[in-house]
């Protein structure tokens, strides 16, 4: 079934990766799902290009993903499998989808799951899901590519910091809830870490991030605080700004998740340094 936007090539995951368990842990931690502890966030492509093929992992992604587009993307291969199943297997899929409907975090996903159950997983319904996903993600990615051109102009000093910041705000509003959050997050991370973006612009970006909803804000702030690419000056500024904006519990969450991400990074470094076959 053709996806109406270009997919990134599949990513090779560790053969021992237990994604379903990892996604469940992310859900319990109330954070976005990632390809592994310390790795990038899952995007819709990962569910559609063969990166993630385990049915249990897809099921958990539908249930616990905080990114509604990722949850919907995970629903598509599950729906295709149910559509193609024989009568006995289709009954098992129906029970699975009923469980998903009961447990899914995203209300829109619960509605889509209910429609699939009622319609007995008809192919036309799956196509509607695909078109709906593409209708949101496709234009958002076009807008994202346009913003990247603005970033290049900023790096080349062809636009002012003020013009860049206006474009960032407009871009954020345009893609909110449509662009994969993993892509948006990566974009912001790179802006914070780039040596070619002036500190004054980064400070404004940080103040904008502090205005975001808590889950999104926490993800971006903890990425900033945990990243080795983040300038020390920006990290110090972020800590001061957070202290003036966030409540005590919100600050505690940010610092706990920062510690968690640093521990994940340390574990990944140890695994990478271990001799092959050890």
Filter the range 164-177 down to the residues that are at pLDDT 95 or above and more than 14 Å from residue 191 (Cβ to Cβ), then identify the one that is nearest to the chain's Cα centre (by Cα). 175
Over the range 93-122, the set of residues outside any helix (DSSP H, G or I) and surrounded by 19 or more Cβ atoms within 10 Å (Cβ to Cβ) is 104, 106, 121
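With within 24 Å of residue 28 (Cα to Cα), more than 25 Å from the chain's Cα centre (by Cα) and without any contact (Cβ under 8 Å) to a residue 24 or more places away in the chain as the only criterion, which of 84, 95 stands out? Break it down into steps so the answer makes sense when it comes.
On the way: 84 fails: within 24 Å of residue 28 (Cα to Cα).
It is 95.
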Determine which single condition residue 40 fails, assuming it passes every other condition in (1) under 30 Å from residue 264 (Cβ atoms); (2) surrounded by 18 or more Cβ atoms within 10 Å (Cβ to Cβ). (2)
From the option list 50, 111, 38, single residue qualifying as free of Cβ contacts under 8 Å to residues at least 60 places away in the same chain and either on the phi > 0 side of the Ramachandran plot or in the same structural domain as residue 179 (by TED's automatic domain parsing) (or both) is 50
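Quick check on this structure: which one of 269, 228, 243 is surrounded by fewer than 15 Cβ atoms within 10 Å (Cβ to Cβ) and either in the same structural domain as residue 68 (by TED's automatic domain parsing) or in a loop (DSSP other than H, G, I, E, B) (or both)?
Details: 269 fails: either in the same structural domain as residue 68 (by TED's automatic domain parsing) or in a loop (DSSP other than H, G, I, E, B) (or both); 243 fails: either in the same structural domain as residue 68 (by TED's automatic domain parsing) or in a loop (DSSP other than H, G, I, E, B) (or both).
Only one candidate passes the filter, namely 228.
Given the criterion without any contact (Cβ under 8 Å) to a residue 40 or more places away in the chain and buried (at least 19 other Cβ atoms within 10 Å of the Cβ), identify the matching residue among 175, 142. Break it down into steps so the answer makes sense when it comes.
Working: 142 fails: buried (at least 19 other Cβ atoms within 10 Å of the Cβ).
Result of the check over 175, 142: 175.
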For the range 207-217, name all the residues that are surrounded by 12 or more Cβ atoms within 10 Å (Cβ to Cβ), without any contact (Cβ under 8 Å) to a residue 40 or more places away in the chain and under 18 Å from the mean Cα position of the chain (by Cα). 209, 212, 214, 216, 217
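Please verify whether residue 125 is over 30 Å from residue 207 (Cα atoms), surrounded by fewer than 20 Cβ atoms within 10 Å (Cβ to Cβ), modelled with pLDDT of 95 or more and not assigned by TED's automatic domain parsing to the domain that holds residue 218, treating the condition exactly as stated.
On the way: over 30 Å from residue 207 (Cα atoms): yes; surrounded by fewer than 20 Cβ atoms within 10 Å (Cβ to Cβ): yes; modelled with pLDDT of 95 or more: no; not assigned by TED's automatic domain parsing to the domain that holds residue 218: yes.
No: the conditions fail for residue 125.
Every residue, every condition in (1) assigned to a loop (DSSP other than H, G, I, E, B); (2) at pLDDT 85 or above; (3) under 22 Å from residue 125 (Cα atoms), yes or no:
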position	(1), (2), (3)
1	yes, no, yes
8	yes, yes, no
13	yes, yes, no
22	no, yes, no
26	no, yes, no
31	yes, yes, no
36	yes, yes, no
47	no, yes, yes
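Quick one: would you say residue 34 is touching a strand residue (DSSP E or B) at 6+ places or on another chain (Cβ under 6 Å) and surrounded by fewer than 24 Cβ atoms within 10 Å (Cβ to Cβ)? Working first, answer last.
Details: touching a strand residue (DSSP E or B) at 6+ places or on another chain (Cβ under 6 Å): yes; surrounded by fewer than 24 Cβ atoms within 10 Å (Cβ to Cβ): yes.
It is true that residue 34 is touching a strand residue (DSSP E or B) at 6+ places or on another chain (Cβ under 6 Å) and surrounded by fewer than 24 Cβ atoms within 10 Å (Cβ to Cβ).
The values are calculated or read from the model by the stated rules, or taken from the named source; none is laboratory data. Given the structure is predicted, the values throughout are model-derived calculations rather than measurements. Cβ coordinates were reconstructed from backbone atoms using ideal geometry, including for glycine residues, and neighbour counts include every protein chain displayed.
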